[in-house]
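First comes the structure, then the notes that go with it.
The values are calculated or read from the model by the stated rules, or taken from the named source; none is laboratory data. Quantities reported herein were computed from a predicted structural model and do not represent experimental measurements. So basically every Cβ, Gly included, is an ideal-geometry build from the backbone, and we count neighbours across all protein chains shown. The accessibility values were calculated without ligands, DNA or RNA, using every heavy atom of the protein model including side chains. Shrake-Rupley method; radii C 1.70, N 1.55, O 1.52, S 1.80 Å.
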Amino acid sequence: MIVCQNIKQLREQTAMWRKNDERIAFVPTMGNLHDGHLSLVEIAHQHAVRVVVSIYVNPLQFAPGEDFASYPRTLEDDLKQLQMLGVDLVFTPDTQIVYPNGDQQNTFVQVPKLSDILEGEFRPGFFTGVCTVVLKLFNMVQPDCAVFGEKDFQQLLVVRQMVNDLDLPVEIIAGAIKREADGLAMSSRNNYLNSADRATSRYLSKALAFCRQQIDRGVNVDEAEKNAVATLQKQGFIVDYVTLREAERLEKVSPADITANTELVILAAAKLGNTRLIDNVRFVKSAKS
Ligand code: AMP
């Protein structure tokens, strides 16, 4: 497994693979890898001969006061796991490499509308940071395809929109959410939870599952969302949102618009102590109700 920090070495290697007609799949991460990340690597192997993973904690997507400084960095352990999965190259640039112009970097990628709602509302600038670094990483790696997790469902849609709007020659592949045994979606930020909050955190996926069940049974959407918020608040969560959306543009859907084929998603974000958790459940309404 090649581990490289600079763009020149990365490009030389990927150019060689391209010359040999070897398809390249790319998995961008911020490291502190768990089974969710590793499942994306496995998907990458199914789509290409060569797999490149990046590990880079991108300062541009953290607002002041967020956890950039304390974000877990576990490079040695991450590399061991990636080696075991047969990854071909791990790109671990530092910020001088990714943003050599520092404050002089004045080009940013914005995907308005889709980036302004939900996560974008609670984390202004977040998707600009994500899209800018993802486009830069795409230009560095020049992959044929890239795998993103449905755990960050809005991020997946925003990246897809950027790729479509800018005609990027990268196929975006989605990986299903990996969960702990009690249903909590795996996340590097779960490590922040103390043991009491870790026990409580399972209610987030449960509240989503129950909300879905209620909507499926024909309970009024507002009521189902409010029930989920109330359940979470009772458990001690500070809830940013629990909301049903159609799963392409994340627009609100009225019951009349929901048919048996409408792809739906319930998205949630809530804090336990200082730890902000997100989760979602995707479904189509069953035909019976
Ligand atoms: P991060 O390191 O948090 O930036 O995540 C890197 C990639 O892993 C993103 O595409 C995430 O959506 C994905 N990911 C994170 N957690 C999970 C999970 N529990 N299941 C599947 N994919 C995940």
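Looking across PRO124, PRO72, PRO93, one residue alone is in the same structural domain as PRO143 (by TED's automatic domain parsing), over 16 Å from SER188 (Cα atoms), surrounded by fewer than 18 Cβ atoms within 10 Å (Cβ to Cβ) and not small (Gly, Ala, Ser). It is PRO124.
Residues in segment 144-160 that are touching a strand residue (DSSP E or B) at 6+ places or on another chain (Cβ under 8 Å) and either under 30 Å from MET16 (Cα atoms) or of a type in the set (A, V, I, L, M, F, W, C) (or both): ASP144, CYS145, ALA146, VAL147, PHE148, GLY149, PHE153, LEU156, VAL159, ARG160.
I'd like to check something: does segment 9-28 contain any residue that is away from the ligand (no atom under 16 Å from the Cβ), within 24 Å of the chain's Cα centre (by Cα) and among the β-branched types (Val, Ile, Thr)? Looking for residues that are away from the ligand (no atom under 16 Å from the Cβ), within 24 Å of the chain's Cα centre (by Cα) and among the β-branched types (Val, Ile, Thr), one finds at least one in segment 9-28, hence yes. Of the helices (runs of 4 or more DSSP H) lying entirely inside segment 60-126, those carrying at least 1 residues that are modelled with pLDDT of 95 or more and of a type in the set (Asp, Glu) are 75-84, 119-122. Taking the residues in segment 172-184 that are in contact (Cβ under 8 Å) with a residue 24 or more places away in the chain and open to solvent by 50 Å² or more (accessible area, probe 1.4 Å) as candidates, determine which candidate is nearest to the ligand (Cβ to nearest atom). Checking each candidate, the answer is LYS178.
Listed here are the residues, each with its yes/no results for (1) loosely packed, with under 15 Cβ neighbours inside 10 Å; (2) part of a loop (DSSP other than H, G, I, E, B); (3) hydrophobic (A, V, I, L, M, F, W, C).
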residue	(1), (2), (3)
LEU208	no, no, yes
CYS211	no, no, yes
THR243	no, no, no
ALA260	yes, yes, yes
ASN280	no, no, no
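Within segment 108-119, can one find any residue that is within 22 Å of TYR192 (Cα to Cα) and of a type outside the set (A, V, I, L, M)? Within segment 108-119, one or more residues are within 22 Å of TYR192 (Cα to Cα) and of a type outside the set (A, V, I, L, M). Candidates are the residues of segment 34-55 that are near the ligand (Cβ under 9 Å from one of its atoms) and touching a strand residue (DSSP E or B) at 6+ places or on another chain (Cβ under 8 Å); the one that is nearest to GLY102 (Cα to Cα) is ILE55. When the residues of segment 185-202 are narrowed to those that are part of a loop (DSSP other than H, G, I, E, B) and more than 9 Å from the ligand (Cβ to nearest atom), which ends up least open to solvent (accessible area, probe 1.4 Å)? That would be SER201.
Here is a list: ALA174, ALA199. Which entry is more than 24 Å from VAL221 (Cβ to Cβ), over 16 Å from the mean Cα position of the chain (by Cα) and modelled with pLDDT of 95 or more? Reasoning before the result, please.
Working: ALA174 fails: over 16 Å from the mean Cα position of the chain (by Cα).
Just a single option satisfies the conditions, and that option is ALA199.
Residue-wise test of (1) touching a helix residue (DSSP H, G or I) at 6+ places or on another chain (Cβ under 8 Å); (2) of a type in the set (A, V, I, L, M); (3) at negative phi; (4) in the same structural domain as GLU263 (by TED's automatic domain parsing).
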| residue | (1), (2), (3), (4) |
| --- | --- |
| TYR192 | no, no, yes, yes |
| SER195 | no, no, yes, yes |
| TYR203 | yes, no, yes, yes |
| ALA209 | no, yes, yes, yes |
| ARG212 | no, no, yes, yes |
| ILE215 | yes, yes, yes, yes |
| ASN227 | yes, no, yes, yes |
| THR231 | yes, no, yes, yes |
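Here ASN164 clears all of (1) within 15 Å of the ligand (Cβ to nearest atom); (2) surrounded by fewer than 22 Cβ atoms within 10 Å (Cβ to Cβ) except the condition numbered (1).
The single condition among (1) open to solvent by less than 20 Å² (accessible area, probe 1.4 Å); (2) more than 30 Å from ARG23 (Cβ to Cβ) that VAL141 does not satisfy is (2).
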